[in-house]
1. Dipole of the protein assembly as shown, Cα-centred, from +1 at each Lys and Arg C-beta and -1 at each Asp and Glu C-beta, to the nearest 20 debye?
2. How far is the Cα center of segment B:107-173 from the Cα center of segment B:253-271, in Å?
3. Ordering B:Cys418, B:Cys79 by how much accessible area each has at a 1.4 Å probe, largest first, what is the list?
4. In deg cm²/dmol, rounded to 500, what helix-only [θ] at 222 nm does chain B give when every DSSP H run of at least 4 residues adds -39500 (n - 2.57) and the total is split over its residues?
5. Along the positive direction of the dipole of segment A:3-241 (beta-carbon charges: Lys, Arg +1; Asp, Glu -1; about the Cα centre), which of A:Leu120, A:His182, A:Phe108 reaches farthest?
6. Rounded to the nearest 100 Å², what is the buried accessible area between B and A, both sides summed, probe 1.4 Å?
7. For the protein assembly as shown, which cysteines have no disulfide-compatible partner, meaning no other cysteine Cβ under 4.7 Å?
8. For helix B:247-261, report the angle its Cα long axis makes with the longest principal axis of the Cα atoms of chain B; keep it between 0 and 90° and round to the nearest 10°.
Amino acid sequence: MSFLTIVYALLFYAATAILTLGLAYRIAVFAKTPAPLKIPTTPAPVTRTGVVLRLFREVAFFESLFKGSKWTWIFSWMFHLGLLLVLVRHVRYFVDPVPMPLVLIQPFGVYAGFAMVAGLAGLWARRFLVDRVRYISAPSDHLMLLLLLLIGFSGLMMKFVSHTDIVMVKQFFRGLIEFDWHNLPLDFPLIVHLTLVATLMIIFPFSKLLHAPGVFFSPTRNQVDNPREKRHIARWAKKLEE
Amino acid sequence: MAKADFEVPELKEYIEVPEIVEGTMAHSKPFYAAPQHNTDLGFPGELVDNWQEKALEKMDDLRKRYRSFQVYLDSCVKCGACTDKCHYFLGTSDPKNMPVARQDLLRKVYRRYFTLPGKYFPNLVGAVDLTKDVLDEWYSYYHQCSQCRRCSVFCPYGIDTAEISMAAREIMDSVGVGQKYCNEIIAKVFKIGNNLGLPGPALADTLEGLEEDVFDDTGVAVKYPLDKKGVDILLITPSADFFAEPHVDGLIGYGKVFHEAGVSWTLSSKASEAANFGMFIGSYENMRRVSLRIREAALELGVKRIVFGECGHAWRVAYSFLNTLAGPFDFLDPNYPVPQHICEFTYDLLQKNALTLDKSENDDMTLTFHDSCNVARATRMGDKPGGQFEIPRAVIKAVCNNYVDMHHETIGEKTFCCGGGGGLLTDDLMEVRVKGAMPRMTALNNVIQDEGVTHMAAICAICKSQFTKVLPYYGMDMDQIVSVHQLVSNAIQLTRKTEPETPGEVEGAEAASETDTDAEE
Ligand code: HEM
Ligand code: HEM
Ligand code: SF4
Ligand code: SF4
């Protein structure tokens with residue numbers, strides 16, 4: 001077994017642990033922090049079902065962003081939808097046998113990679129071209145886009161320019177899951193791809209990527225507009241009444 | 001045109017997004033509260049010695065008590081969708097008035113002390129130490145936010161800069177850096193009962209004067225009762241309604257509506273104020289203390305319902321928070337929402353054709369309506385989402401022949417703030433108030449030029465006071481701003497000649513109150 005295989009095996013165990021535990025911890029913090037007051041941005045749904053629909057529109061279509069900025073919306077939607085398809089397509093490296101629906105979406109996945117990269121490029125251009133967005137961008141905001149772009153490029157490289165041995169890649173990752181390690185192919189684009197992906201996994205719980213769980217916990221979006229009908233009170237606030 | 005020692009924005013045809021110019025409003029800051037005003041609210045009088053430590057402790061405390069604060073600090077992706085949505089940015093070009101930049105003033109400190117990347121790589125993520133300069137910057141820019149929530153409409157995660165501003169102000173208060181305007185007023189409410197410091201006897205005089213005026217005007221004895229026990233309705237209204245123009249014309253209107261509805265009602269000297277500035281300073285405890293007066297007054301007076309007069313942030317505290325802060329209101333009549341807005345009350349009467357109205361009384365005006373931010377984006381009226389836009393308009397249209405809306409991007413949920421909300425309605429912040437009014441003034445100016453609008457109606461004491469002050473800076477007249485119930489008051493024909501009887505005081509009160517409520521259902 002090559003040294004590099006061992007390094008990457010350990011790296012991916014570590015990255016997976018940090019991603020899942022870190023994210024679980026951050027979500028637990030969001031979930032257990034009370035929301036003492038009713039603050040939905042109105043007009044807001046007056047039923048639970050309405051709130052579920054509102055959140056669905058936010059997550060699936062970025063409804064508020066659409067109201068806010070059409071250019072950002074277009075690029076962002078391209079990027080996220082592309083990302084989603086790419087990730088779904090990647091599931092084939094981790095499960096065996098590959099389920100039918102996954103096989104069916106494979107052809108679309110190819111375009112998804114381009115959509116993702118194009119979206120990212122558009123978003124990054126905004127950070128240079130629009131003075132307001134330039135002003136609010138920290139180095140980390142640029143680097144995050146760079147990181148995702150490089151992941152996309154290296155992936156597309158493997159797909160279209162310098163192919164890697166996908167069967168071996170799959171064996172490596174199946175091996176990690178089943179604790180029966182196999183060698184990783186030593187291709188440059190693959191190593192770049194995997195290193196950057198591990199980096200992404202590690203920084204996820206400590207970065208603004210928390211927006212993904214955050215949107216579900218945002219009180220202005222997830223609260224039902226019924227303060228007159230139903231008394232809403234946090235535990236710490238209840239103590240003030242004693 | 002009013003004189004100004006700063007440049008009043010020029011009104012263009014469209015609201016243009018300016019290029020950023022750093023530091024244009026760095027000099028703006030309100031007067032600091034005197035030690036007495038801070039201590040009255042339970043805060044240290046002056047900047048405490050270990051203020052950094054205390055401020056960070058407070059930040060930690062708040063992020064554990066407010067999910068909004070924690071989630072919003074963590075979730076912003078700097079997408080920039082909010083950057084051109086704040087009226088203060090549009091009016092001042094100062095990039096720190098962009099909502100995300102305003103949040104970042106606090107977020108960069110949060111990152112430094114409470115996140116791993118900020119602790120180890122501060123420059124990478126834009127984290128900074130909490131220094132005196134940072135504190136001063138907070139004081140300046142968190143008092144250039146009217147907590148209007150316009151930014152939260154457009155943010156993909158609903159990040160509400162108002163929540164951050166409130167937290168920032170609470171952190172500042174907790175280390176002894178209070179704002180004079182808000183803290184002085186809250187102390188006045190605790191001591192005297194209202195923002196203006198108008199004591200009970202003065203209030204009684206004022207109301208008596210109103211009764212005389214209305215009688216002279218109409219020949220009908222419409223009553224404006226104070227502290228009357230056993231009546232149906234307790235009216236809670238902003239204290240500006242007691243004397244300032246155009247507010248008081250609104251109060252006259254409420255009285256006429258109650259009179260025509262045949263319900264008995266009263267004001268309270270104990271809770272003679274709808275405003276609750278506890279919200280502006282983000283202090284749950286102070287907001288609760290102010291709210292509890294209303295509960296006490298309702299219990300002491302033995303009323304069945306609570307109705308709120310025209311005030312934006314007060315309606316937010318009433319509609320969204322009152323049940324939480326001072327509930328449950330199980331001692332009131334369960335057939336009515338608690339509390340109810342005066343527009344909801346009047347609207348119900350309109351639905352039943354219970355008012356006799358002569359629209360032509362308002363024919364000298366062509367009206368438009370300013371949606372107040374707190375009403376628009378933090379509350380509702382009626383049963384359906386969006387009732388807060390339809391109900392006031394329905395009331396206006398029922399009493400006026402000439403009505404036009406301003407541009408649709410500047411009303412409803414996207415309404416532009418008057419520029420004076422959130423505890424900024426003070427002369428020491430005149431520059432930011434005038435500049436922040438630019439988007440609203442632009443939209444108003446357009447309907448004045450194109451549609452012949454003469455007056456703008458509003459249902460918020462702060463908006464009305466702000467416009468009274470600010471309209472002249474833009475070459476308009478201060479009396480172009482009117483109360484919605486002033487319009488109702490003009491149009492309403494008084495058909496009942498006597499005062500409704502007070503149940504509990506007279507024989508057969510039960511029967512009387514039965515019919516009264518029937519008439520309204
Ligand atoms: C452990 C995780 C990952 C592994 C093992 C992996 C592996 C691969 C491989 C082998 C390819 C080449 C596909 C081919 O030749 O047909 C590829 C392509 C690609 N990867 Fe990954 N990748 C991983 C994670 C990611 C992540 C997290 C992203 C996005 C953020 C990503 C984005 C892409 C893109 C855009 C392509 C090109 C388009 C496509 O084939 O779908 N990959 N990846
Ligand atoms: C529930 C899932 C998610 C939702 C609803 C969501 C939504 C959004 C929205 C609305 C934006 C703002 C627009 C923009 O600047 O692009 C955004 C930005 C961003 N998202 Fe997501 N996202 C999700 C998951 C993810 C994931 C899993 C990743 C990471 C790999 C990611 C990476 C990013 C990045 C890097 C940005 C900033 C783009 C920029 O710099 O302009 N998102 N997301
Ligand atoms: S709440 Fe209103 S005033 Fe404050 S930042 Fe947002 S848009 Fe500006
Ligand atoms: S819209 Fe929301 S996520 Fe985007 S920059 Fe503004 S606050 Fe941050």
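1. Values: 77 positive and 89 negative charges, 820 e Å.
With Lys and Arg at +1 and Asp and Glu at -1, about 3940 debye.
2. Between the Cα centre of segment B:107-173 and that of segment B:253-271, the gap is 44 Å.
3. B:Cys79, B:Cys418
4. Only helices count here, giving -14000 deg cm²/dmol.
5. A:Leu120
6. Summed over both sides, the interface buries about 5600 Å².
7. Unpaired cysteines in the protein assembly as shown: B:Cys76, B:Cys79, B:Cys86, B:Cys145, B:Cys155, B:Cys182, B:Cys311, B:Cys343, B:Cys400.
8. That works out to roughly 40 degrees.
The values are calculated or read from the model by the stated rules, or taken from the named source; none is laboratory data. The shown structure was predicted, so the numbers you read here are calculated from the model rather than taken from an experiment. Don't worry about glycine lacking a Cβ; one is built from the backbone with ideal geometry, like all the others, and counts go over all protein chains shown. The accessibility values were calculated without ligands, DNA or RNA, using every heavy atom of the protein model including side chains. Shrake-Rupley method; radii C 1.70, N 1.55, O 1.52, S 1.80 Å.
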